[in-house]
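J.: Starting off with a structure, shown below.
The values are calculated or read from the model by the stated rules, or taken from the named source; none is laboratory data. For clarity, every value in this text was computed on a predicted model and none was experimentally measured. Counting neighbours? That spans all protein chains shown, and the Cβs are built from the backbone with ideal geometry, glycine included. The protein model used for the area step is the full one, side chains on, heavy atoms only, and it has no ligands, DNA or RNA in it. Shrake-Rupley method; radii C 1.70, N 1.55, O 1.52, S 1.80 Å.
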Amino acid sequence: MGGGSQTVSGAATINVSRLRVNKTGGTLLLNQSVTTSSTAGSGAVTVDAGLFDLGNAPLTANGGVTVNGGTLKLLGTPTLAIAGTKSITIASGGALSTGGSGPTITRSGAGTYTFTVNGSVDMSRLNVSFADASGMKINMNASNSNIVNLDNVSFSDTPDVCGADPCAGTPTVNFSCALWVVVEDLHWIDGRSA
């Protein structure tokens, strides 16, 4: 995609086989609803380099999302929908940045998705729904904390690993090592907070 900023916009939903962002500079701004294919072997959204900003547009990733490098940015009110049984993975070279009016990461269709962060997170306001029983797993390295900010993150409809009631379980943010982490305003839809 090269350098410089680019915008995807239009009047109707854009359907694509897969979406890959590999920018040497600038931003790819999504101002249009985009849906990736649900055909087996396709539908992936991959960010290899650069800034991919969802703006306020919905993105349905039927093949999951992987951020290998660069940043996936959700500010304002965008919705990122991940197909059930797929995943959103922020690799060790990637970053996830959220904020604004409350972006949402949820499922597309039925089932749950896996949410794993090995890279950097800067989350201020995020609604997470229908993640699998692991919730959001943040893998940290004891010598290099990858949490820039984790504030006002809400979970809903996370499956209960102990029974049928989805509100009886404990939606979680799982940390992979024993570091002191300050988490502010972490809420579950039934009113519990950590």
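J.: Looking at the stretch 71-82 only, could you name the residues that are in a loop (DSSP other than H, G, I, E, B) and hydrophobic (A, V, I, L, M, F, W, C)?
T.: If the condition is that a residue be in a loop (DSSP other than H, G, I, E, B) and hydrophobic (A, V, I, L, M, F, W, C), then LEU75 is the only one that fits.
J.: Next question, about the same structure. Do we have LEU80 as modelled with pLDDT of 95 or more, more than 13 Å from the chain's Cα centre (by Cα) and under 20 Å from VAL8 (Cβ atoms) here?
T.: no
J.: Which of (1) modelled with pLDDT under 95; (2) at negative phi does GLY43 not meet, given it meets every other one?
T.: Single failed check for GLY43: (2).
J.: Go through the stretch 107-123 and report how many residues are over 18 Å from LEU150 (Cα atoms), within 12 Å of the chain's Cα centre (by Cα) and open to solvent by 10 Å² or more (accessible area, probe 1.4 Å).
T.: Here the count works out to 2.
J.: Across the stretch 4-54, what is the total count of residues that are in a loop (DSSP other than H, G, I, E, B), of a type in the set (Ser, Thr, Tyr) and more than 17 Å from THR66 (Cα to Cα)?
T.: 4
J.: I would also like to ask the following. Which ones in the stretch 38-48 are open to solvent by 30 Å² or more (accessible area, probe 1.4 Å) and more than 14 Å from the chain's Cα centre (by Cα)?
T.: SER38, THR39, ALA40, GLY41, ASP48, listed by residue number.
J.: Could you check the stretch 55-70 and list, in sequence order, the residues that are open to solvent by 20 Å² or more (accessible area, probe 1.4 Å), assigned to a strand (DSSP E or B) and within 18 Å of ALA83 (Cα to Cα)?
T.: THR60, THR66
J.: If only one of SER124, SER129 is under 29 Å from THR24 (Cβ atoms) and of a type outside the set (Asp, Glu), which one is it?
T.: One residue alone meets the criteria, SER124.
J.: Which condition number does GLY3 fail, the rest of (1) in contact with a strand residue (DSSP E or B) (Cβ under 7 Å, 6 or more places away or on another chain); (2) modelled with pLDDT under 90; (3) open to solvent by 70 Å² or more (accessible area, probe 1.4 Å) being met?
T.: (3)
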